[in-house]
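Enquirer: So that we are looking at the same thing, I have put the structure below in structure tokens.
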Amino acid sequence: MSKSVVIVGASMGGLRAAEALRNNGFDGQIAVIGEEVHAPYNRPPLSKEVLAKEVTHEAVAFKLRAQVEDVIWNLGDPATSVDLEKQVVTTASGKTFEYDGLVIASGLRPRVLDLPNGKVSGRHTVRTLDDAIGLRAALVPGAQVVVAGAGFIGCEVAATARGLGCAVTNVAIDSYPMIRPLGELLAAELQRRHESKGVNFRLQRGIKDLTGTDSLSGVILDDGDFLEATVLVEAISSHCNVEWLANTNLDISNGVLTDSALRAVTTEGQSVDGVYVVGDLARFANPLFDDEARRIEHWNIPTETGKRVGAALSAYLAEADHFAELAAQTFTPLPTFWSDQYEMKIQGFGMPGLADRYELVDGELSDELVMAYFRNDVLIGVVGIGMTAEVMKYRKQLLGT
């Protein structure tokens with residue numbers, strides 16, 4: 001009898017898992033359950049180049065390859081629960097999907113500030129296509145924009161808003177923008193570059209409340225200062241979409257814990273056959289760095305984990321002899337990230353946020369550059385602004401090639 005796979009999550013990770021299942025010979029039914037009504041699309045450009053232009057699904061949609069033409073897409077109807085014993089997923093509309101293999105790819109959603117006057121209009125996040133469409137309409141010349149959060153997304157939105165003629169203030173609890181992945185030296189330099197473009201920073205500050213009756217008119221900081229604002233963009237962090245897994249015994253304390261094959265792991269530390277995790281939710285150890293399980297929210301991880309799951313799950317369902325060997329192989333994807341801010345092309349590899357030391361190894365701090373990151377004198381990350389060829393040399397070192 002033909003077997004079936006249900007993939008919960010219709011973004012990049014879910015799509016890549018479906019493609020990899022087909023590429024590895026799985027010919028059974030694949031059903032993909034998605035919360036959004038949109039077919040899979042590329043999220044990173046939503047806070048970068050696409051936000052600066054007209055935001056449309058066509059601009060970010062993935063081309064659906066021939067191997068997934070027969071996939072069943074159940075969109076706009078999120079999963080609400082799963083019975084791991086009966087192997088059935090239930091959706092918000094009451095539909096049920098039986099499976100032999102389950103792929104957890106339900107991803108993240110933005111965390112928003114809990115504020116006394118939080119119901120005013122003018123608040124935005126940047127996670128989904130619809131989020132970006134709404135924000136783009138608000139970023140008109142002269143708009144007074146406050147961006148909460150100074151990570152990559154917050155800084156990308158700030159740069160885009162300035163390019164569109166908005167007045168921008170970035171508010172963050174950190175001492176410098178993007179300091180966690182970049183370190184103080186490079187973070188301070190990027191703050192200087194943003195300020196040279198007209199972005200104001202209120203760092204080591206939080207947002208206490210909003211003003212306005214129906215529409216946003218301002219932001220009150222935790223030190224009592226007031227900022228006029230017609231647009232608030234909240235880019236502070238994310239929640240894991242794991243509520244539909246609440247009645248399972250899976251370890252969902254931070255995403256979903258997995259083994260090296262990306263099988264979901266229970267709170268007792270047992271791998272669950274036939275249940276796999278991809279994308280931002282997957283919390284796994286990467287021997288390139290150490291044995292601590294971590295979630296990695298970089299753009300290449302949905303593809304890398306999708307390929308890994310497609311190979312392992314297809315072998316498991318086929319009861320292939322090589323499954324045990326495949327499942328035991330170490331999984332060592334190299335985290336990769338990129339960011340466009342003004343004319344800057346920022347590219348990084350590895351885990352620079354784990355470093356205890358960093359060093360400018362090429363270029364000039366005020367121009368194009370390469371920063372190398374070390375832990376215990378071992379290279380664990382590299383970040384470059386421009387200088388792509390030099391950055392790639394350090395990427396090879398990270399991979400040991």
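The values are calculated or read from the model by the stated rules, or taken from the named source; none is laboratory data. These numbers were taken from a predicted model, which means no experiment stands behind them. Methodologically, a virtual Cβ is constructed for each residue, glycine included, from the backbone with ideal geometry; neighbour enumeration extends over all protein chains shown.
Condition check ((1) surrounded by 15 or more Cβ atoms within 10 Å (Cβ to Cβ); (2) more than 30 Å from V391 (Cβ to Cβ); (3) touching a residue at least 12 places away in the same chain (Cβ under 8 Å); (4) not charged (D, E, K, R)) across all residues:
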position	(1), (2), (3), (4)
Y316	yes, yes, yes, yes
T330	no, no, yes, yes
L334	yes, no, yes, yes
S339	yes, no, yes, yes
Y358	yes, no, yes, yes
G363	yes, no, yes, yes
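Enquirer: Pick out the one residue from F349, F323, F374 that is modelled with pLDDT of 95 or more, aromatic (F, W, Y) and farther than 30 Å from L51 by Cβ. Quick ask: steps written out before the conclusion?
Expert: Details: F349 fails: farther than 30 Å from L51 by Cβ; F323 fails: modelled with pLDDT of 95 or more.
After ruling out the rest, the residue left standing is F374.
Enquirer: Quick check, is A66 aliphatic (A, V, I, L, M) and closer than 21 Å to D131 by Cα?
Expert: Working: aliphatic (A, V, I, L, M): yes; closer than 21 Å to D131 by Cα: no.
So A66 fails the test.
Enquirer: Is there a residue in the range 63-70 that is more than 29 Å from V126 (Cβ to Cβ) and part of a loop (DSSP other than H, G, I, E, B)?
Expert: Taking the range 63-70 and keeping what is more than 29 Å from V126 (Cβ to Cβ), we get 66-67, 69-70.
After this cut, where a residue has to be part of a loop (DSSP other than H, G, I, E, B) as well, the list is 69-70.
Yes; the residues of the range 63-70 include at least one that is more than 29 Å from V126 (Cβ to Cβ) and part of a loop (DSSP other than H, G, I, E, B).
Enquirer: Determine which single condition S314 fails, assuming it passes every other condition in (1) of a type outside the set (D, E); (2) under 28 Å from T91 (Cβ atoms); (3) within 20 Å of the chain's Cα centre (by Cα).
Expert: (3) is the only condition that S314 fails.
Enquirer: Taking only the range 17-45 into account, find how many residues are touching a Lys or Arg at 6+ places or on another chain (Cβ under 8 Å), over 21 Å from A312 (Cβ atoms) and either at pLDDT 95 or above or of a type in the set (A, V, I, L, M, F, W, C) (or both).
Expert: Result for the range 17-45: 0.
Enquirer: What is the residue count in the range 259-292 for residues that are in contact with a helix residue (DSSP H, G or I) (Cβ under 7 Å, 6 or more places away or on another chain), of a type in the set (A, V, I, L, M) and more than 27 Å from D356 (Cα to Cα)?
Expert: 3
Enquirer: Could you identify the single residue in S93, S81, S106 that is in contact (Cβ under 8 Å) with a residue 40 or more places away in the chain, more than 29 Å from A320 (Cα to Cα) and either assigned by TED's automatic domain parsing to the domain that holds Y276 or outside any strand (DSSP E or B) (or both)? Spell out how you get there, then give the answer.
Expert: On the way: S93 fails: in contact (Cβ under 8 Å) with a residue 40 or more places away in the chain; S106 fails: more than 29 Å from A320 (Cα to Cα).
Result of the check over S93, S81, S106: S81.
Enquirer: Cβ contacts < 6 Å: first residue more than 16 Å from A10 (Cα to Cα) and in contact (Cβ under 8 Å) with a residue 12 or more places away in the chain, restricted to the range 54-69; second residue in a loop (DSSP other than H, G, I, E, B) and not hydroxyl-bearing (S, T, Y), any location; separation 6+ or different chain. Result?
Expert: Within 6 Å, the pairs are A59/V50.
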